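S.K.: Quick one: the structure is below, and I'll ask about it shortly.
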Amino acid sequence: MDHEKVNILLVDDQPAKLLAYEVILKDLGENLVIASSGREALEVLLKTEIAVILVDVCMPELDGFELAAMIREHPRFQKTAMIFISAIQVSDIDRLRGYEMGAVDYVPVPVVPEVLRAKIKVFSELYRKTRELERLNQELEDRVRARTAELESSTAKLRESEQRRSMAIAAGKMGSWDWDWITGDWMWDEGQYRIFGVSPEIFEVNPANVQALLHPDDVDQLRKAIAEFNSGTRAYETEFRIVRPDGEIRWCVGTAAATVDHSSRVVRVSGVTVDITERKRAEERQNLLAREVDHRAKNALALAQSIVRLTRADEVKAYVNAVEGRINALARVHTILSLSSWQGAELSKLIDEELAPYSLGGQIRLSGPEVQLLPATAQTLALAMHELFTNSAKYGALSTRSGRLMIGWQVEDELLTLTWEESGGPLVRTPKARGFGTRSLLASVESQLGGRAQFDWRTEGLLCRLEVPLKRKPAATTAPGKFDAADATELQRASG
């Protein structure tokens, strides 16, 4: 046959009947699909496109009525033709029930081959013609889409322009307006209302109301633009501020162009407004950041200069090592603070950074809660910890493998108490004079942070106790996290 074959699903729990149906319908030339139960039929339907279903009414587990109801519940099969075969006398009520379940016809037993073939053929042809009609509809839709595309192509430039404007409006950053110079009528689009923070339902666009939304210092810009258009200017651009009804100030840039008549008289002015508030704020942040970086660089250089000037050593190599160590300590805490955008540093991380160069294994034990330090406190404690580690590595517990160091801290009433306790190292003697490290530690903790440093030179090891207020405000001349000339003076005084 010259037509495409369709699938006919035969459902019956008796193999003999299925074989009989196959013999009867073989001459139709269609694809016959066999299912011996209602559940098997459902599996077939989910995998195969079926044109007609021939189903026995009386089957165990799932009879023909129940199967029909389940098939009709699925959107794909709501229009699939179902023919019931019944071996019992079918009453009008039974027929009505079958039709309600979705049956399109009944075939009584014994089956008349010619009648069954005729019914199946009719519904197969109907299915085939329906599919052909769907294909024709699809082809028609394709031709309509192609024609629509051609029409759209002819107006591409206009559409692209409108899309760009719509995208800008949707982003809430751009609006357009039109001003009839003769009648005084204004037209704002949705983006213009959004920028000015008003609603078209309650805001009347007129010169007085528009001027009321302009920043008082920028009202003259509007007057200047009107004057220039009256004097022959055809285009104008300016930056200005608006004050929304809720009090928010927004920065905008406005561009306007005039339309003139045959006598060169202005008849219409059209323009675009762009909200540039975020750009302005970004510029302000960038300028502030540049000033901040400059200030921090000067402060860091001042501290480095003080370290170089005040460090003492008998040999050049020792002097270089001492200076490098202190500057590296400053650089490490600077890195930690930079990663937090100079919001502060965790004490444990600061100590870990100072521990990194030593590789001491299990000689050191840390104990304490998480503590967030302000930048100024972090810088000062970093240098203080460096001096303690350096002294311990040279002369104290960390100079031998048997030495032990316990660093513990706690916070109570915004006061940080840090305990440095050495043991197991060389015998300790109280120094006759304090070195630069000890004196600078005392000066920085007590003078810069308003804290206290106590040293107990025990025979078994140094015991140092640092008390630092966590919320003490720095001096008025120094911003948080800064080091200035006053700090250098303190160190110089301590070294004296």
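S.K.: Highest first, please rank the peptides 34-45, 140-151 by the mean number of other Cβ atoms sitting within 10 Å of their residues.
M.R.: Ranked by mean Cβ neighbours within 10 Å, highest first: 34-45, 140-151.
S.K.: Where does each of Trp342, Trp457, Trp179 land when they are ranked from fewest to most other beta-carbon atoms within 10 angstrom?
M.R.: Ascending Cβ contact count within 10 Å gives the list Trp457, Trp342, Trp179.
S.K.: Can you give the translational diffusion coefficient of the stretch 119-267 in µm²/s, computed by Stokes-Einstein from the Kirkwood radius over Cα pairs at 4 °C and 1.567 mPa s?
M.R.: Approximately 65 µm²/s, per Stokes-Einstein.
S.K.: Tell me, Kirkwood radius of the stretch 7-137 from alpha-carbon pair distances, in Å?
M.R.: Taking the inverse mean of 1/r over all distinct Cα pairs, the stretch 7-137 comes out at 14.8 Å.
S.K.: Could you go through the stretch 256-270 in sequence order and give the Karplus-derived ³J(HN,Hα) for each residue, using 6.51 cos²θ - 1.76 cosθ + 1.60 with θ = phi - 60°, rounded to whole Hz, and x for Gly and Pro?
M.R.: 9, 9, 9, 10, 10, 8, 5, 9, 6, 8, 5, 10, 7, 10, 10
None of the figures in this text is laboratory data; all of them are computed from the coordinates on show. Computed from a predicted structure; not experimentally measured. For neighbour counting, all protein chains shown are included, and Cβ atoms are generated from backbone atoms with ideal geometry for every residue, glycine included.
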